[in-house]
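The values are calculated or read from the model by the stated rules, or taken from the named source; none is laboratory data. All values derive from a computational prediction rather than experimental measurement. Because the Cβ atoms are built from the backbone with ideal geometry, glycine has one as well, and the counts that use them run over all protein chains shown.
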Amino acid sequence: MIEYTLAIIKPDAIKRHLIGKIISRLEENQFTIEEMKLQHLKIPDAQSFYHMHKEKPFFSSLCAFMTSYPVVLMVLSKENAIEELRKLMGATDPKAAAPNTIRKEFALNVEQNSIHGSDSKDSARREIAFFFLDFAETHSLVY
Ligand code: IDP
Ligand code: MG
């Protein structure tokens, strides 16, 4: 089944001019870019997007990092896109990430790990609607 997922190229990657390389990895792996925008998130955006982590010790640092520089937000589609993107990203901590994954190749550390991808169908629906409400509405991802 063709699925939609939300990807974010994070500030550490934008700062190091890795947008092109990361998008190449996505396209080489047959992800289609359905929507894309560059945005400098504000603290309330980051807090709301990552609300499930609000009790974690890294929450305030994560929100500061995600608002430190612009990000690239994308809706991607592919057969089984949610799981496929998580595989291509690799583990949260690049030290634990498999070879040839985006995080293994580009991430700096467990926080500055270059890319975000939705982790489930429910997350994908919520996250796509969070940044691309028109797309979510036209694709019946909002309910
Ligand atoms: P994920 O991005 O692989 O789904 P999550 O556990 O959902 O990982 O965490 C969200 C983001 O929070 C991570 O991508 C990373 O930027 C940051 N993060 C996760 N764990 C830690 C940590 O132990 N220290 C610092 N930052 C972390
Ligand atoms: Mg996550």
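What residue, of T32, T67, is of a type in the set (S, T, N, Q) and under 15 Å from A13 (Cα atoms)? The unique qualifying residue is T67. With respect to the conditions (1) within 11 Å of ligand 1 (Cβ to nearest atom); (2) not in a helix (DSSP H, G or I), C63 lacks only one, and its number is (2).
For residues that are among the hydroxyl-bearing types (S, T, Y), within 13 Å of ligand 2 (Cβ to nearest atom) and buried (at least 23 other Cβ atoms within 10 Å of the Cβ), tally how many sit in region 76-119. Quick ask: steps written out before the conclusion?
Initially, region 76-119 is screened for residues among the hydroxyl-bearing types (S, T, Y), giving 77, 92, 101, 114, 118.
Now drop any that are not within 13 Å of ligand 2 (Cβ to nearest atom), which leaves 92, 118.
So of that shortlist, the ones also buried (at least 23 other Cβ atoms within 10 Å of the Cβ) come out as 118.
So the count comes out to 1.
Condition test on A107, is it at negative phi and in contact (Cβ under 8 Å) with a residue 40 or more places away in the chain? Judged against the criteria, A107 is a match. Of L62, L73, all but one fail to be at pLDDT 95 or above, within 16 Å of ligand 2 (Cβ to nearest atom), more than 18 Å from V110 (Cβ to Cβ) and hydrophobic (A, V, I, L, M, F, W, C); the exception is L73.
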